[in-house]
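Below is one structure; the comments refer to it alone.
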Amino acid sequence: MPYDDPDTRMHLPLTPVVFEILIALADQPRHGYGVMQEVEARTGTRLRAGTLYRAIDRLLTEGHIEEVTATTQPANRDGRRRTYRLTKLGRRVAVSEAQRLAAALHAARVKKLLQPEQA
C-alpha cells in the first residue's frame, strides 16, 4: 500500500480537523483565519478558533507545518497574523492520509456501501 511509508505511517490516521488544515495549506501558505475560511468554503464547516489553534500547535510540534515570516505582506505589517505552510513531512503525511482514505472509499464501493464512481 502506498501509504505504508514508515516515515509517515506513524502519523496516521489524522483527525478530520488536522487533515482539513493540511489540505488548506497544500496549495499556498495561509494565516489561521485564512485556513478557517478555506475549510469553511470547501466543506461548509466552520472551525472554532480554539480547535484550529490547538491543531496548529500540534502540527507545528510534529513538524507537519512551519511558520512563515510574512511581515512584508500588507495584511501582516503589524505582525499579529501568523502564516503557516506545509513542511516536506507535512505534505508526505497529507498525501499518505489521502491515499489511506481513498483505499477506504474503494473498499466501501467494493462492499456496495457506496455507488461506483461515474466515468
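The values are calculated or read from the model by the stated rules, or taken from the named source; none is laboratory data. What you are looking at is a predicted structure, and each value in this text was computed from that prediction instead of being measured. So basically every Cβ, Gly included, is an ideal-geometry build from the backbone, and we count neighbours across all protein chains shown. Heads up: the accessible areas ignore ligands, DNA and RNA and are worked out on the full protein's heavy atoms, side chains in. Shrake-Rupley method; radii C 1.70, N 1.55, O 1.52, S 1.80 Å.
The helices (runs of 4 or more DSSP H) located wholly in the range 1-113 that include 3 or more residues which are modelled with pLDDT of 95 or more, on the phi < 0 side of the Ramachandran plot and in contact with a helix residue (DSSP H, G or I) (Cβ under 9 Å, 6 or more places away or on another chain) occupy 16-25, 32-43, 49-62, 88-110. I need a count of the residues in the range 14-56 that are touching a residue at least 60 places away in the same chain (Cβ under 8 Å) and open to solvent by 90 Å² or more (accessible area, probe 1.4 Å). Total satisfying the criteria: 0.
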